[in-house]
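J.: Please read through the structure below; I'll follow up with questions.
Each value in this text was obtained by applying a stated rule to the coordinates, not by laboratory testing. Treat the numbers as computed from the prediction; the structure is a model and nothing was measured. Glycine also receives a Cβ, built like all others from the backbone with ideal geometry; neighbour counts cover every protein chain displayed.
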Amino acid sequence: MSRNYTDLILYRRLLEQARPFWAHLAGIFLLSLFATPLSLLVPLPLKIAVDNVVGSQPLPEFLGEILPATVSESKAAVLLLAAGLVIAVALLMHVQGLATWLLQTYTGEKVVLSLRAQLFRHVQRLSLSYHEKKGTADSIYRIQYDASSIQHILINGVIPFLTAVITVAMMIYITTLLDWQLALIALTVSPVLILVTRACSRQLRSGWFEVKELESTAMSVVQEALTAARVVKAFGREDHESTRFVRHASRSMWGQLRLAFIEGGTDLLVGLTVALGTATALFIGVRHVQSGVLTLGELLIVMTYLAQLYDPLKTISKKVSDLQSALAGAERTFGLLDQAPDVVERRDARSIVRAQGAVAFRNVSFGYEPARLVLRDISFQVMPGTHVGIVGTTGAGKTTLMSLLTRFYDPTSGQILLDGVDLRDYKVADLRNQFAIVLQEPVLFSTSIAENIAYADPNASQEKIIEATKAANAHDFIRRLPAGYETQVGERGMALSGGERQRISLARAFLKDAPILILDEPTSSVDANTEAGILDAMERLIRGRTAFIIAHRPSALRLCQVILRIESGRLIENAPPGEKELVAPALSRDFAVGE
């Protein structure tokens, strides 16, 4: 999904994401800047000890002005002063480091949480076709891992980078005042470091992007195997799945080793360049001391400043390299944010409170890919309150038909009307609120039974929840559980039987009280006794509502007034044996049922 974002675009968008936290970022930057003057003070006690205690040089002018004569004229007092400065500077540096670290941690976590929340909201609004093509593991990886790139770039990358640049400038300025030739040597190192860093940055960016794709693929293998744990165990394929995971993860491992080699080579070149600059400065500096241009103390302070100058230079080079991984993550993050949903709400979309339930398909065709249609030229009309059975062989397009009705997808061609209005003219949230769906495999969340039922109406009272479970024939078995309605259902509801999960799903549909129901094979995976209870609940549920029941069993179809048969993506004429024909006689024109 890479869109080849430039660095400038990525930095601009990252700053926009962090706009609510600019005050925090400014605080981190100022605290980081405070480290620069503290670094400049580090070699001062050593200079005082060498030049003013061991030697006979006068104190630096600014110290001579603020210290009393009794201190400045006593070598013992000056030595104590130098020792005290060492402790004071160290204390200030540790306090500054602690304050910076705390603010960095707080701001970084807040920024990442904000971006993750935005990604999660966005990915839930993406069309089902996106998730079906990319898989959920890729989105999970981007939310959990790639989103943290904003912290690595802005807080652990850009701010230290800017601080290092300012520190370099100050160090060069002070070194120039002491010995301009040594400052010039320091400057000659900089272009070499810049060239070395730029040479490896592009390779690292593309390499990290590829590694992240491979890691996402390895994660998808884990997710698939754990989701289908029953199947894996049943066929004894644990070793096969482990081998599959290792194969994908190994590709990621070798990719990271290649990147580590590139980064290691870059560090080696940077280190050699810095060592060359230091050696040259030491050679010239000693000659200057011998010729009287510098004192020994001044040489020590210059060499210390050069060491501190080269540290931020190495930091700049290192940060540019390290940021490539985070920039690849940021590129993937914004690639997900920029992914537009297939189902888009119109600006002037109309609201709907409660539909009457009239549904019409007009020459509807649909394909997940434009060249491969799943449904072809479907036309029918259903009056409010009609119970419609949908039958057909597996893969005929029955579930896809209902996915179009709930606008999980938009038709490739044709129209779908609800109460005479095109679905695309309604607000998406309002439209989907008109439907209650019960699937063949009930979807439950890892929480209590009560919360799973209340998913349809979070504000529902306990009385309404119990009323819904009674209507779904679920109250009795829930009451017998040790924790009753507070029983935790486990991941995907696996702590309950299939029939119990289905009845909770029906209770959720009762609680929603939607005018249109979609029941997708609700009794296909339960035994005869459980099926009887579910059918009894279904009969109450569909009463007075428009209902679409996808089923193969005649027991479920007996609740229907109309039977539509889908074969190979087309609607054909059909009706249950021994009953009057209920399906319109033609496919080429609209027809009404349930009148």
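J.: Report, ordered by chain and residue number, the aspartates and glutamates lying within cross-link reach of LYS464, taken as a straight Cα distance under 12 Å and ignoring same-chain residues fewer than 8 apart.
T.: Answer for LYS464, where 12 Å is the Cα cut-off: ASP513, listed by chain and number.
J.: Tell me which aspartates and glutamates have Cα within less than 12 Å of LYS233's Cα, excluding those fewer than 8 residues away on the same chain?
T.: In chain and number order, the partners are GLU241.
J.: If amide hydrogens are placed 1.01 Å from N in the peptide plane, which non-local residues have theirs closer than 5 Å to the one on LEU294?
T.: The list, which skips near neighbours in sequence, is VAL289.
J.: Compute the helix-to-body angle for 296-337: its Cα long axis versus the longest principal axis of the chain, expressed 0 to 90° and rounded to tens.
T.: 10
J.: For region 1-61, run through the chymotrypsin sites (Phe, Trp or Tyr not before Pro) and keep only the ones in DSSP coil with at most 10 other Cβ atoms within 10 Å of their Cβ.
T.: In loop regions of region 1-61 (DSSP not H, G, I, E or B), there are no sparsely surrounded chymotrypsin sites (Phe, Trp or Tyr not before Pro).
J.: How big is the antiparallel share of DSSP beta bridges in the chain, given as a percent to the nearest 5?
T.: Just about 45 percent of them are antiparallel.
J.: What angle, in degrees between 0 and 90 and rounded to the nearest 10, separates the Cα long axis of helix 22-33 from the longest principal axis of the Cα atoms of the chain?
T.: Helix 22-33 and the main axis of the chain meet at about 20 degrees.
J.: Still on this structure: Contact order normalised by length for region 7-337, with contacts defined as Cα pairs under 8 Å and 6 or more residues apart; what percent is it?
T.: 31
J.: Continuing with this model, one more query. About the Cα centre of the chain, how large is the charge dipole given +1 on each Lys and Arg Cβ and -1 on each Asp and Glu Cβ? Please answer in debye to the nearest 20.
T.: Roughly 660 debye, rounded to the nearest 20.
J.: Determine the calculated [θ] at 222 nm for the chain from helices alone, applying -39500 (n - 2.57) to every DSSP H run no shorter than 4 residues and normalising by the residue count; nearest 500 deg cm²/dmol. Let's see the in-between values first.
T.: Numbers: 23 runs with 354 residues, N = 595.
After summing the helix terms and dividing by the residues of the chain, the value is -19500 deg cm²/dmol.
J.: Which angle between 0 and 90 degrees, to the nearest 10, do you get for helix 462-471 versus the longest principal axis of the chain when only C-alpha atoms count?
T.: The angle comes out at about 40 degrees.
J.: Using only alpha carbon pairs under 8 Å that are at least six residues apart, calculate the relative contact order of the chain and give it in whole percent.
T.: The value is 15 percent.
J.: If you find the alpha carbon centre of region 156-206 and of region 18-56, how far apart are they in angstrom?
T.: 18
J.: Just how far, in whole angstrom, is region 405-430 from region 207-263 if you go by their alpha carbon centroids?
T.: 40
J.: Which trypsin sites (Lys or Arg not before Pro) from region 212-295 combine a DSSP loop assignment with at most 15 other Cβ atoms within 10 Å?
T.: ARG237
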